[in-house]
Ligand code: PEP
């Protein structure tokens, strides 16, 4: 299985900067070698997805949304459905990112509906899970992850699971590689117990060109999700190149 390198641009970018980003990235990763070794995905602000789809049409890059609504359609002003994401060419969607859990109060029941919507639309949801700093201090990490994973029991289709301890997101602090490997392994075990299927578990939280290699080389970690360091084509391109060389 090829490793995943996923960018989360969050609420950043503009038409001109995205065009410039992709043309600079393209110069670095035009090669087929990357397409054969990695699955590169960019999760962009929804208003730019159509443009991004066009800009990446000849590149080994898939696109994804950063959220979808828990209903298929209707009177939900300002929202985006999973079908709409699929319609503009997305293959993936982030679900339950810690920023959405924190700022939008998303809980397990709505996240389960979103995962189901995404799968019905033919998208692969990237379910983000992770403990807070306090939960980590209380040694409650595995209990929290088990609760967050429980929503996958009733779901049918493909899913990627991104382990993102929220104290590592945007802080420049990463857990020890060994701890990440142990946790990713536990996530895979729990997913197997819940669904009888093999999990695909990636890591996210302050990944950059300096630390990406450790995560990519681990047999327990199927890829990386990159926030801040994906915003500049140089650093994201470097992460992709390192990942391709080590895969
Ligand atoms: C994220 O937003 O999912 C993330 C991992 O961000 P960062 O790489 O900036 O910590």
Inset, instruction - Taking the Cβ of each residue in 90, 184 as the centre, tally the other Cβ atoms inside 10 Å and list the residues starting with the fewest. - result: 184, 90
Legend entry - For the chain: span of alpha carbons on each principal axis (Å, largest first): 46, 45, 31
Legend entry - Residues residue 1 and residue 150, FRET efficiency given R0 of 25 Å [Cβ-Cβ distance, rounded to 0.05]: 0.50
Inset, instruction - Run the quick spin-label model on residue 26 and residue 178: label points 7 Å from Cα toward the beta carbon, then report their separation in nm to one decimal. - result: 4.6 nm
Legend entry - Mean residue ellipticity (222 nm) of the chain, computed from DSSP H runs ≥ 4 via -39,500 (n - 2.57), nearest 500: -12500 deg cm²/dmol
Inset, instruction - Could you check the simple spin-label distance between residue 193 and residue 16, using points 7 Å along Cα→Cβ, in nm with one decimal? - result: 5.4 nm
Legend entry - Shape of segment 154-247, Cα gyration tensor, a/c cut at 1.5: prolate
Legend entry - Simple spin-label estimate for residue 171 and residue 158 in nanometres, 7 Å along Cα-Cβ: 3.3 nm
Legend entry - Alpha-carbon centroid distance for the pair segment 16-80 / segment 124-193, whole angstrom: 24 Å
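Coordinate-derived values only; no laboratory data. Since the model is a prediction, treat every value here as computed from it, not as a measurement. For neighbour counting, all protein chains shown are included, and Cβ atoms are generated from backbone atoms with ideal geometry for every residue, glycine included.
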